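K.L.:
My questions all concern the structure below.
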Amino acid sequence: MFFMANWKMNKTIGESESYAERINELLEGEETKHTIVIFPPFTALRSLSEHLKGISVGAQDIYYEESGAFTGEISPIMVREAGASYVIIGHSERRRLFGETNESVQKKALSALKHGLTPVICIGESIGEREAGRTINIIKEQLGYIPKDKKVIIAYEPLWAIGTGRSASSEEIEEVHRFIKGIIDAPVLYGGSVNSRNSGEILGIEGVDGALIGGASLDADEFFSIIKSAK
Ligand code: PEP
């Protein structure tokens with residue numbers, strides 16, 4: 001199973017080092033067969049990657065060019081050097097707030113693969129699209145832009161479930177994961193208000209290969225409880 005912690009715009013370098021100490025302590029002696037990845041802000045990538053034991057780190061985004069006049073952007077080469085081996089691409093907050101499109105997601109995914117980063121590509125429908133019965137069409141359209149590469153990981157994150165405390169139902173998750181797996185041979189994670197109270201049930205759903213966790217991953221003990229809830 002995959003357990004991925006998306007910290008979003010949270011934690012300073014100092015705070016991320018304290019987190020690393022705590023999660024290392026919790027995982028010590030645990031024989032884990034899981035892949036655990038933390039996605040801190042860019043500024044904490046380097047030090048977090050040096051402090052964590054047995055946990056990988058990833059970037060929350062990249063730009064697709066290698067270098068150049070792109071003020072404010074970060075390249076795949078730079079995040080690799082800072083210790084990242086994964087990168088989240090197309091998170092709904094980037095699509096909604098920062099103009100990310102299916103086309104830019106595709107370019108970033110190809111660039112990540114070229115530079116040896118594992119892309120964790122987020123897809124999902126809005127509440128309006130779900131209510132209009134368009135979920136599967138939206139997912140199909142988004143998948144059309146995703147490289148069919150064996151390193152790709154998909155995160156299904158219904159927009160209405162992110163940061164709202166309302167996760168999708170087991171039936172809703174199972175239906176979409178089955179559809180995704182029919183199109184692409186990749187691990188499919190669920191994301192959207194996962195916490196230690198609902199993770200056992202969510203991780204037990206057919207077709208769920210792990211979780212991408214936002215808010216609940218900010219606390220090391222809570223993140224550890226979510227990992228422990230996997231059968
Ligand atoms: C996310 O940021 O990808 C996410 C799923 O957030 P949350 O767990 O807070 O809903």
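The values are calculated or read from the model by the stated rules, or taken from the named source; none is laboratory data. Keep in mind that what you see is a predicted model, and the values were worked out from it rather than measured. Don't worry about glycine lacking a Cβ; one is built from the backbone with ideal geometry, like all the others, and counts go over all protein chains shown. These area figures cover heavy atoms from the full protein model, side chains too; ligands, DNA and RNA do not enter into them. Shrake-Rupley method; radii C 1.70, N 1.55, O 1.52, S 1.80 Å.
K.L.:
Amide H to amide H under 5 Å from ILE89: which residues, 5+ apart in sequence or cross-chain, H placed 1.01 Å off N in plane?
P.N.:
VAL120, ILE121, CYS122
K.L.:
Going 7 Å from the Cα of THR12 along its beta-carbon direction, which residues of the range 69-86 have the amide nitrogen within less than 11 Å of the resulting point?
P.N.:
From the range 69-86, the list is empty.
K.L.:
From largest to smallest, what semi-axes in whole angstrom does the range 1-65 give when each is the square root of 5 times an eigenvalue of its alpha carbon gyration tensor?
P.N.:
Working: eigenvalues 83, 44, 16 Å².
After diagonalising the Cα gyration tensor, the semi-axes are 20, 15, 9 Å.
K.L.:
Let's test the formula: R0 of 35 Å, r as the Cβ-Cβ distance of GLU171 and ARG22. What FRET efficiency results, to the nearest 0.05? Walk me through the numbers before you get to the answer.
P.N.:
On the way: r = 36 Å, r/R0 = 1.02.
Here the calculated transfer efficiency is 0.45.
K.L.:
Can you pull the Rg over Rh of the chain, Cα-only, Kirkwood? Intermediate results must be reported in sequence, preceding the final value.
P.N.:
Numbers: Rg = 16.6 Å, Rh = 17.6 Å.
Using only Cα positions, Rg/Rh for the chain is 0.94.
K.L.:
Let me ask another. I need the phi-derived Karplus couplings for the range 31-47: 6.51 cos²θ - 1.76 cosθ + 1.60, θ = phi - 60°, integer Hz, Gly and Pro marked x.
P.N.:
Running phi through 6.51 cos²θ - 1.76 cosθ + 1.60 with θ = phi - 60° gives 8, 9, 9, 8, 9, 10, 9, 10, 10, x, x, 3, 4, 9, 4, 4, 6 Hz.
K.L.:
Between LYS140 and GLU50, what's the calculated FRET efficiency when r is the beta-carbon distance and R0 is 41 Å? Round to 0.05. Spell out each step's value before the answer.
P.N.:
Numbers: r = 41 Å, r/R0 = 1.00.
Efficiency at R0 = 41 Å is approximately 0.50.
K.L.:
Which of GLY68, GLY133, GLY144 moves the most in a Gaussian network model of the chain with Cα springs under 10 Å?
P.N.:
Sorting by GNM fluctuation, first place goes to GLY68.
K.L.:
How far apart, in nm, are the 7 Å Cα→Cβ label points at GLU81 and PHE42?
P.N.:
Between GLU81 and PHE42, the simple spin-label model gives 1.2 nm.
K.L.:
So, one more: If the elastic network links every pair of Cα atoms under 10 Å, which of ILE89, ILE202, ILE127 fluctuates the most in the Gaussian network model of the chain?
P.N.:
ILE127
K.L.:
Highest GNM mean-square fluctuation, the chain, Cα pairs closer than 10 Å: which of SER169, SER16, SER92?
P.N.:
Comparing SER169, SER16, SER92 in the GNM, the peak value goes to SER169.
K.L.:
Using the Karplus curve 6.51 cos²θ - 1.76 cosθ + 1.60 with θ = phi - 60°, what ³J(HN,Hα) values do you get for each residue of the range 207-214, in whole Hz, with x for Gly and Pro?
P.N.:
After applying 6.51 cos²θ - 1.76 cosθ + 1.60, I find x, 9, 9, x, 9, 9, 10, x Hz.
K.L.:
Compute the separation of the alpha-carbon centres of the range 217-231 and the range 36-65 and state it in Å as a whole number.
P.N.:
18
K.L.:
Mind checking the full-extension length gain between LYS150 and LEU97? Use 0.36 nm per residue of separation minus the Cα-Cα distance, one decimal, nm.
P.N.:
Numbers: separation 53, 0.36 × 53 = 19.08 nm, distance 2.95 nm.
Extending this stretch completely gives an extra 16.1 nm.
K.L.:
Separate question: Could you tell me the calculated FRET efficiency between GLU222 and ALA69, based on Cβ-Cβ distance and R0 = 30 angstrom, to the nearest 0.05? Working shown, then result.
P.N.:
Values: r = 42 Å, r/R0 = 1.39.
FRET efficiency, GLU222 to ALA69: 0.10.
K.L.:
Can you work out the Karplus-derived ³J(HN,Hα) for every residue in the range 170-178? Use 6.51 cos²θ - 1.76 cosθ + 1.60 with θ = phi - 60°, whole Hz, and x for glycine or proline.
P.N.:
For the range 170-178, the Karplus curve yields 4, 5, 4, 5, 4, 4, 6, 4, 4 Hz.
K.L.:
May I ask for the longest run of the chain untouched by GluC sites (Glu not before Pro) that are loop-located per DSSP and have at most 10 neighbouring C-beta atoms (other than their own) within 10 Å? Mind showing how you got there, number by number?
P.N.:
Working: sites that count: GLU28, GLU31, GLU206.
Counting only loop sites that pass the neighbour cut-off, the longest clear stretch is 32-205.
K.L.:
Could you compute the longest span of the chain free of chymotrypsin sites (Phe, Trp or Tyr not before Pro) located in DSSP loops and having at most 15 other Cβ atoms within 10 Å, not counting the site residues?
P.N.:
With a cap of 15 other Cβ atoms within 10 Å, the longest stretch comes to 99-231.
K.L.:
Still on this model: How large, in percent, is the carbon and sulfur part of the accessible surface of the chain at a probe radius of 1.4 Å?
P.N.:
On the way: 5170 of 10760 Å².
Here carbon and sulfur together make up 48 percent of the probe-accessible area.
K.L.:
While we're here: Which one, SER104, CYS122, THR164, projects farthest toward the positive side of the charge dipole computed for the chain from Cβ point charges (K/R +1, D/E -1)?
P.N.:
About the Cα centre, the residue reaching furthest to the positive side is SER104.
K.L.:
At 1.4 Å probe size, with every protein chain present, just tell me what the per residue accessible area of the range 1-143 comes to in Å². Each step should come with its number before you reach the end.
P.N.:
Values: 7040 Å² over 143 residues.
Heavy-atom accessible area per residue stands at 49 Å².
K.L.:
What number results when the radius of gyration of the range 29-138, computed over Cα atoms, is divided by 2.2 N^0.38 Å?
P.N.:
That ratio works out to 1.20.
K.L.:
Mind running the shape call on the range 124-170? Use the C-alpha gyration tensor, a ≥ b ≥ c as the square roots of the eigenvalues: rounded below 1.5 for a/c, prolate if a/b tops b/c, oblate otherwise.
P.N.:
On the way: a/c = 2.88, a/b = 1.49, b/c = 1.93.
Oblate.
K.L.:
Leaving ligands and nucleic acids out of the surface, order ARG22, ARG96 by accessible area at 1.4 Å, largest first. Walk me through the numbers before you get to the answer.
P.N.:
Values: ARG22 85, ARG96 160 Å².
Correct descending sequence by accessible area is ARG96, ARG22.
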